[in-house]
Every structure is written in C-alpha cells, then in structure tokens.
1. In whole percent, what relative contact order does chain A give with Cα contacts below 8 Å and a gap of six or more residues?
2. Treating the beta-carbon of each Lys and Arg as +1 and of each Asp and Glu as -1, no other charges, what is the dipole magnitude of region B:125-305 about its Cα centre, to the nearest 20 debye?
3. Could you work out how far apart the two model spin labels at B:MET407 and A:GLU49 are, taking each label as a point 7 Å from the Cα in the direction of the beta carbon, and quote it in nm?
4. Which entries in B:LYS13/B:LYS389; A:LYS3/B:LYS13; B:LYS324/B:LYS380 show an alpha-carbon gap greater than 22 Å?
5. What is the extension gain from B:GLU290 to B:SER204, computed as 0.36 nm multiplied by their sequence separation minus the C-alpha to C-alpha distance, in nm to one decimal?
6. How high is the FRET efficiency between B:SER130 and B:ILE375 when r is their beta carbon distance and R₀ equals 30 Å, given to the nearest 0.05?
7. How large is the helix-only mean residue ellipticity at 222 nm for the protein assembly as shown, computed as the sum of -39500 (n - 2.57) over DSSP H runs with n ≥ 4, divided by its residue count, in deg cm²/dmol to the nearest 500?
8. What FRET efficiency comes out for B:ARG325 versus B:LYS431 if R0 is 56 angstrom and r is the Cβ-Cβ distance? Round to the nearest 0.05.
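No lab work stands behind these numbers, since they all come straight from the coordinates. This one's a predicted model, so the numbers in the text were calculated from it and none came from an experiment. Positions of Cβ are backbone-derived with ideal geometry, glycine not excepted, and every protein chain shown enters the neighbour counts.
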Amino acid sequence: MSKLNSLAISENGFIFKPSTGESFVTNEIGLFIIQLLKSGKKADEIIQEIIKDFEVDNLTAGKDLYEFLDFLKKENMTD
Amino acid sequence: MSKKIYERPILRKVVEGIPNKFGSLKRLRPISKIDDVEIDSIMDTYGSPVFIISENTIRNTYRSAYRAFATRYPKVQFAWSYKTNYLDAVCRIFHQEGAWAEVVSGFEYEKAIDNNISGNKIIFNGPDKSKEDLKIAINNNSLIHIDHFDELNTILELRKELDKQPQVAIRVNMDTGIIPQWDRFGFNYENGEAWNAINRILSSGLMDLIGLHVHVGTYISTSKAYTIAIQKLAELANKTYNRFNTLISYIDVGGGFASQNTLQGAYMPATDTCPSFDDYAHAITSAMNEASFPNNEFPTLILETGRAMIDEAGWLAGTVLANKRLADGRRAMVIDAGINLMFTAFWYDYEIYPLHETSFQSEPTTIYGPLCMNIDVIRKNINFPLLNKDDRFVIKRVGAYTMTQWMQFITYRPNIVMIDANKEVHVIRKKEDKEVFRQQEEIPKHLL
C-alpha cells in the first residue's frame, strides 16, 4: 500500500497517520490535492484540476502545489 | 458555474500538550472600515502603506480622559505631549479640546507657537533648552521646567539681561517603586537635590517657582506609583511654603499612562491588563485630595498624557509583498511597512488584521517589513490567516511615537491622512519624494 493510501483522512481535513500516531489538519484545497494524488494524477494534471475548480491563476497554483508536495514529503506521507 | 475561492493548501501537525491559557485560537475578524470609511478606498487614493488617523477617536479619547479627572478633582489641565505625535493637525485637535502644549525642544516649541498656542500655555520640558530657546520662553511667560543646575544657572544669567520674571517649575525624580528609576531627568528627591534647587531658585528672588513636576516613567501599568509621587511632591510644597511663604500653584504628574498595545513578553494582552483613565484618575486624584497642601489650597493638576491619548486613533494600512517559507519550515510574510515606519514594533506585539475575509485557516507566521535588514520584524510569531501577495492588512493602535520616531531609511515616508467627523479624508502630511531630499542635499562643485 502506498504511503498516502495508508493515511486515515476525514472529509473535513483531519488526517491520522497510523504508522507514527501523528495527526494533521489540512484545508479544502489540501484535501483536494491529496485525493488527486491518491488517484494517481501527476503535478501538471493537478494544477489543471485546481485552476478548473478554483479562482486562481496557473502560476500561483503551481507554486503552492509544489510547496504542499514538499510538506507531504517532509512528513513522510508520499513515496 | 462560478469557481470556488482559493486559499493556499496547508498541512499543520496537531501538537499534543497543555492547551494555552486562552483556549482555542479565535479567528481574526477582518477590519475593512475606519469610522465608516472603506480602507480600500483610502489606499486606492493615497497609496500603500498609509497612516490613517481618526479625528473622532482623538476627541473621544481626550474627552473620556478629561472627564475621568475633572469629575474627581476641581482643577485639571491637560497638556498635549508634542513628541508623541507632533503633526500640526493632531496638535490642533488637542488644543481645540482645551489641552495646552508640552514641548521638549526648540523645534517643538516653534511648532506650538505656530499652532497658535499662547506662550503661557506652553510647558517647556527636557534637558536640551538652548540659551536662545530659554530667552524666547521667558519672554513668552512659558512654564519652564528646569531639568538640571546648569539650566538653572543659565536662567539666572539671562535674568540679568531680561525684564521678565521667568515662570519656572522643577522636575523632580524619585523612588516610586518603578524600575528603572528615571533619575536622569530633574533633581532627586531622596538625596535632597530637589530641595536645594528650590532654595537656589527662591533665595535668588530672580524667578517665580510656580510648579513641581514629576514623571515616574513610561508605560506605567500600576497606578500606585503616582500616589507615592504626589505624596512626595506635597511634602516639598509644604516645606517650600513654610520656609519661603511661596505657594506652588500646580503639580504636574507628567504622562506615562499605558495604552492598550501589548508589550512583547507580557503574560496577558494589554487589553485585559491596562489600567483605564478612571483607574489612573482615581489613584492620582485620591492622592491629590488626601495630601495636605499649604493653606489648604488645591494646586492645579497638570497631566501630560501622550501615548494613551493618541495610540488608539492611529492605523497603518499596507499590502502583502510576498509569502515564503523559512529554512525551518515556518511561514513568513513580507509586508510593505517595516520598522522604518514602526520603530515601536521593537517593543510592542501589534495587532494586525486582514482587510477582507480571505481564508478560514491561519498559520503561525513571522511578519517582516520590506527593508534589507534582518531586524526588520513587525511580528515574530502571530497566528495569521493565509493572505496572498497584494492582499491588504491594517495595523491597529499606531498613533503614538510612530509618526515622530519614524526613519527615512531605504524608502520614502508615506502619506498620513485623517478622517474627520464628517467622514471626509484629508492628507495631513504628504508622502515624501526625491525632491524632498534634493532640497536638503548639496553637491560640491567638483562633483557636479
């Protein structure tokens, strides 16, 4: 099972990581990105999904996405 | 279908431990208007950053301070502390409300005269009064508060060439339980220096000693210090009457009242701990009423309150320049107002609010100013909503000492506007441009 799929994620953004017992919170857009990552989407595709659904430009969405991916990696939530 | 509002994705670890003493974080409510005027419209017209002063708040604060004292003591006079904010428009509001002027330099003295204050309503404080300044002050019958023996001797010398009898008071420093004790100003009470100064003044017969002045410190959050100060001044007034048959006509307790800005490192927010005008008035007027002054006559009580009178009326609106992550992962926000405009950020934890609802999340954030200096920090750590570049914010309670201690460093100083009682906005100090500096600079011929 991938690291992301091992997380317990509630609908309102509460994340539990069973491997360490740690808990996290994320917001609506963070949850949206995690769901897309879990479905196997690549960064470029995720950016397109974000700008389709949210009021944001390509540049900002990309900058924020890569920062968020760094967070996930730092917390050992992605492979 | 309209798109959803975007905010940056966040991931925050839930940390276990003892909850903080204030419970869960309250959401910062945006502030979009000052005195019913849209801050956005002010920024669109006058730029960013921009200082905004509320005339209504100044008048209301003055009136509540005056009411607190005047309802408890028969003779009360406020003097506006110029150094706290000497913009002419601000000074004139205080003068219209009935405040005299309290100045600490020749420059401030000139400003007071230009603001149509008559000489006998100017209190001239401070250690730096030139011979020329003193001459003008004596001729105008201003109240000269002598700071040291050298100044006393200068006045005695000037007296030989002037016809006017100088109207003087002495500044007295003393132990009131406040640390640090401000003993660099005035004459010390405990070691007898103040009594010596009174003897020198009155035995010369060359000036009128009409007042005693004490200033216990700044940002005094305990009103008891004033009680001790007044008891000691009453003691001096009695000794003066017994020996010279001279009545002291006023007691000036200076300023130093705290505002509702929280000092860095304070355990509780100042909004919960700061004494009100009524608390200060109760302590000071009770001491004045209880002290037995000579002949049972009440001297006039003069107050030079600065900070507590103007802090609340000043706002600073600005714009987010950038967001970034620091090396340790903390969030940092860079704004267009730094310590060049708010020197006071070194000791206050200023309250900062977004102008509009942008995000329901907040993150621990360090807020930096725009200067190329590591020390340009406006808030070291604040839970702040996720503002984006170009979003606007407003900083609360910046009326005191910002617009007098600000620096022209790296960039120009911005516009200062005032909202009047009719909600009209006026520029009261124009923003600087290169011409302002060109006027002051001269280039030697060989460099032209």
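1. Over chain A, the number comes to 27 percent.
2. In debye, rounded to 20, region B:125-305 gives about 360.
3. 4.9
4. B:LYS13/B:LYS389, as the Cα separations exceed 22 Å there.
5. 27.8 nm
6. On the way: r = 34 Å, r/R0 = 1.14.
Efficiency, from the Cβ-Cβ distance: 0.30.
7. Only helices count here, giving -9500 deg cm²/dmol.
8. Once the sixth-power term is evaluated, E becomes 0.95.
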